[in-house]
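Here the structure is laid out as structure tokens; the discussion comes afterwards.
Please treat every number below as a calculation from the coordinates, not as lab data. The model shown is predicted, which means the values in this text are computed figures rather than measured ones. So basically every Cβ, Gly included, is an ideal-geometry build from the backbone, and we count neighbours across all protein chains shown.
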Amino acid sequence: MIFNEIMRSPIDIDTSLGSALISMYAKCGLLEDARIVFDKMPNHDIVSWGAIIGATIKRGFFLFAFVLFEKMQNKGLQATHMLFLSITKHILLQGTLIMPR
């Protein structure tokens, strides 16, 4: 399997390959594998963050997607309009957004 070969490989997963793998695993419903790929990546860009957040949303973990979104912002990355709208839409549709006072 591709995943096993990559995990055994001594090379780092670059953001292009990592993002593609994350998206592939998300489409297969394998969020845990997508997260392992994300965690193995030495660097994350807006595309890799978007891929893992999108994968998390697709599996229905909306609050966790919001936590990832906050982590991304804490790393100094700004979300694209599409990523922000996707997260906001799904969280609001589920009624899971709790705003602090």
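Taken about its Cα centre, the chain carries a charge dipole of about 380 debye when Lys and Arg each add +1 at the Cβ and Asp and Glu each add -1 at the Cβ.
Taking amide H as placed 1.01 Å from N in the peptide plane, PHE61 has no amide H partner under 5 Å among residues 5 or more places away or on another chain.
Any chance you could run the full-extension gain for VAL67 through SER9? It's 0.36 nm times the residue separation minus the Cα-Cα distance, nm to one decimal.
Working: separation 58, 0.36 × 58 = 20.88 nm, distance 2.98 nm.
So the chain would gain 17.9 nm between VAL67 and SER9.
A quarter of the convex hull surface defined by the alpha-carbon atoms of the chain gives 6.7 nm² as the mean projection. Rounded to the nearest whole Hz, the Karplus-based 3J(HN,Hα) values (6.51 cos²θ - 1.76 cosθ + 1.60, θ = phi - 60°) of the stretch 64-73 follow the sequence 5, 4, 5, 4, 4, 4, 5, 4, 4, 5, with x at glycine and proline. Dividing the summed -39500 (n - 2.57) terms of all DSSP H runs of n ≥ 4 by the residue count of the chain sets its mean residue ellipticity at 222 nm at -21500 deg cm²/dmol. Here the spin labels are modelled as points 7 Å beyond Cα on the Cα-Cβ line, and at GLU32 and LEU93 they lie 2.7 nm apart. Please give the helix 81-94 orientation as an angle from the longest Cα principal axis of the chain, in degrees from 0 to 90, rounded to the nearest 10. For helix 81-94, the angle is close to 60 degrees. Extension gain for ALA20-PHE84 works out to 21.0 nm (0.36 nm per residue, less the C-alpha to C-alpha distance). Among ALA51, ALA26, ALA79, the residue with the largest mean-square fluctuation in a Gaussian network model of the chain, with springs joining Cα atoms closer than 10 Å, is ALA79.
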